[in-house]
Amino acid sequence: MFGSGAKNITLSGKEELKMRSSQVKVGSTRAAHRSLFYALGFSEEELKKPMIAVVNAQSEIIAGHAHLDDQAKMVKYGILAAGGVPVEVPAIGICDGIAMGHEGMKYPLASRELVADSVEALINGHAFDGMVMIPNCDKIVPGMLMGALRVNIPTVFCSGGPMLPGRSNGKDISISQAFEAAGRFEAGKINRQELTCIEKSACPGCGSCAGLFTANTMNCLTEVLGMGLPGNGTIPAAYQGDRARLAKQAGETVVRLVKEQLLPRDIMTLSAFKNAITVDMAIGGSTNTALHLPAIAHEAGIRLPLSLFDAISHKTPYLTKLSPGGSHHMTDLNEAGGISAVMHELAKLNLLNKRCKTVSGKTIGAVIKNAEILRPDVIHSIDNPYHKTGGIAVLTGNIAPHCSVVKESAVAEEMLAHTGPARVFDSEDEAIAAICSKKIQKGDVVVIRYEGPKGGPGMREMLNPTSVLAGMGLDKDVALLTDGRFSGATRGACIGHISPEAQEGGNIALIEEGDLIEIDIPRRKLNVKVSGKELARRKSVWKCPAPKVKSGYLARYASLVSSAAEGAVLRVPGEE
């Protein structure tokens, strides 16, 4: 593991540690390597200490990441205080909100693999001893978790924290209201001045968008998986003192983990992933977790079939109702006791494995032992849940033989079971044009296909069409189906991840305009009311369309990516 020339190096006082970084620092054949370290200002004494990568995804294009340099500075203080040497290195990131609704949305999910690959290359190329990951937004968090399992060195996650909600007309709002305002404007429900007021008020400062969307769901799940310290997912970015203390603690923690050699694969076990799915169902997190958790687990050789998500959902009570499914935001969840309070409540039903390890040095059971619900209006008890089953449902049927996923907690009661005529579009852009032209009627089922992992390529999020529908007041009357996916900010009867996807000849490619679509979320069914014989006839004349992208990264991605049912991971040629 440590290569030739590795030897015991003093960590602090009487403690000694055989370090991975000895590969690039120790022995006569590493004289040139040391020369390069000296060029960076390293001292001889620092070369005897653990070298910790501070993987910082800061950038000036993502509101959730613009402030991460402050977080990194505090992490480095903690590493130094504990006897390590921090080395800040970069990670890329794409803002899903800015990428939304145009060709740029083909890249965010695909960028998850770039994040994981860059972590692998950068960390292994320089033989770091440990890492502190500083992500905050959508695909960066799972990409870093994938990278952590892949390189498997001591790692702590220290995210940037959620954004505070904005205020408009005396109510808390977030980015989802800004997207929906477009639909309200198109429907004539608000004027240009009101639209401008909302767009300037929705995002008051840095942080991951204020509701329980994908970024905040994944940051919360770092706590449940054991990779983030308590509060990592819920302490707001604006609470600078609290986040600074958390960041310093993360820096100190990673040095201890290097000494103990507690590794990500020791922490992120099958039981830990089951815990994460359970909490995800209890809080009604983003449907994107059905892509990300299987992809993360894949890096550890653990399989998480979507049937497991549905089985866990059936026995997990839904305890919080956060935006977009409700009016509360992450600040409310933080005030209510955070993820530890949610886990403490779930543990009363023996739904969690409390023996799972965490980076804190404690088991999950010890971490949540003294947690309590501080705002019962935000976190309900197991005796008074919002719903007896979890927030996400996995549907199957002749449209989705493998799977489809819906955020049940964000669906209006009257749309849980719905039958309506298909309105078929072969791209998101065509669907948005039809919606904005008021060509979609109450009762319709909008079908958007050829937007899956291969067909998109990149499995675009469909927040624009869903938000416009919601803003027009049609979220209780119109359903939307796609082999693409939905933003965590989506609400309504929006069913994504349909697999097999259209580009692979899935039955969603065979739906015709006017076919009756039957949706039954409580019974987990999604069908087109067409006979098997007719579907077979249509399949016999179906022809796979040419790839939409024929060069560059997206073309390579499309050639390697697996289905949504498997987490849309990149397959090594020959891998099953």
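Give me the percent of DSSP beta bridges within the chain that run antiparallel, rounded to the nearest 5. Show your work: numbers first, answer last.
Values: 26 of 55 bridges.
Looking only at bridges with both residues in the chain, the antiparallel portion is about 45 percent.
Global dimensions of the stretch 40-138 from alpha-carbon coordinates: Rg and Dmax equal 15.4, 52 Å. Each principal axis of the Cα atoms in the stretch 478-551 has its own extent, and those three values, largest first, are 38, 34, 19 angstrom. Annotation: V279 carries an accessible surface of approximately 0 Å², with a 1.4 Å probe and no ligand, DNA or RNA atoms counted.
With semi-axes defined as the square roots of five times the eigenvalues of the C-alpha gyration tensor, the equivalent ellipsoid of the stretch 161-260 measures 37, 13, 8 Å, largest first.
Ranking T29, I435, H126 by how far each Cα lies toward the positive end of the dipole of the chain (charges on Cβ) leaves T29 at the top.
Put the Cα centre of the stretch 35-79 next to the Cα centre of the stretch 306-343 and the gap is 34 Å. Between K189 and R556, the contour length at 0.36 nm per residue exceeds the alpha carbon distance by 127.7 nm. With the convex hull of the Cα atoms taken as the outline of the stretch 401-442, the averaged projected area works out to 4.3 nm². Oblate is the label for the stretch 304-362. Its Cα gyration tensor axes, ordered a ≥ b ≥ c, give a/c of at least 1.5 and b/c at or above a/b.
Three principal axis extents describe the C-alpha atoms of the stretch 240-382; from largest down they are 43, 40, 26 Å.
Relative to the longest principal axis of the Cα atoms of the chain, the long axis of helix 192-201 makes an angle of roughly 30 degrees. For the stretch 179-220, the alpha carbon convex hull comes to 64 Å³ per residue, rounded to a whole number. Solvent-accessible area per residue in the stretch 485-576 equals 47 Å², computed with a 1.4 angstrom probe and all protein chains kept.
A 24 angstrom limit on the alpha carbon distance is what I want to check against. Which of K388/K476; K454/K543; K73/K106; K274/K315; K315/K525 exceed it? Over 24 Å Cα-Cα: K73/K106.
Comparing Cα centroids, the stretch 224-248 and the stretch 375-446 end up 32 angstrom apart.
At a 1.4 Å probe radius, carbon and sulfur cover how many percent of the accessible area of the stretch 36-99? Carbon plus sulfur share of accessible area: 59 percent.
Helix 240-260 sits at what angle to the longest principal axis of the chain, using alpha carbons and giving 0 to 90 degrees rounded to 10? Roughly 60 degrees between the two axes.
Surface composition of the stretch 510-576: carbon plus sulfur atoms hold 55% of the accessible area, using a 1.4 angstrom probe and ignoring ligands, DNA and RNA. Between T419 and E103, the simple spin-label model (points 7 angstrom out along Cα→Cβ) gives 4.3 nm. The angle separating the long axis of helix 175-186 from the principal Cα axis of greatest extent in the chain is about 30 degrees. For the stretch 297-437, the solvent-accessible area works out to 40 Å² per residue, with a probe of 1.4 Å and every protein chain left in place. Straight-line reach from K259: taking Cα to Cα under 14 Å and skipping same-chain neighbours fewer than 8 places apart, the aspartates and glutamates in range are E15, E16, D129. What a 1.4 Å probe finds exposed on the stretch 323-479 is 47% carbon and sulfur by accessible area, rounded to a whole percent. Taking C95, C197, C356 and ordering them by how much accessible surface each has at a 1.4 Å probe, largest first, produces C197, C95, C356.
Please give the calculated 222 nm ellipticity per residue for the chain, where each DSSP H segment of at least 4 residues contributes -39500 (n - 2.57) and the sum is spread over every residue; nearest 500 deg cm²/dmol?
On the way: 21 runs with 213 residues, N = 576.
Roughly -11000 deg cm²/dmol at 222 nm, from the helical runs in the chain.
The values are calculated or read from the model by the stated rules, or taken from the named source; none is laboratory data. Here the structure is a predicted model, which is why all the values come from computation and not from measurement. Here the Cβ is made from the backbone with ideal geometry for all residues, glycine too, and neighbour counts use every protein chain on show. Just the protein is used for accessible areas: all its heavy atoms, side chains included, with ligands, DNA and RNA removed. Shrake-Rupley method; radii C 1.70, N 1.55, O 1.52, S 1.80 Å.
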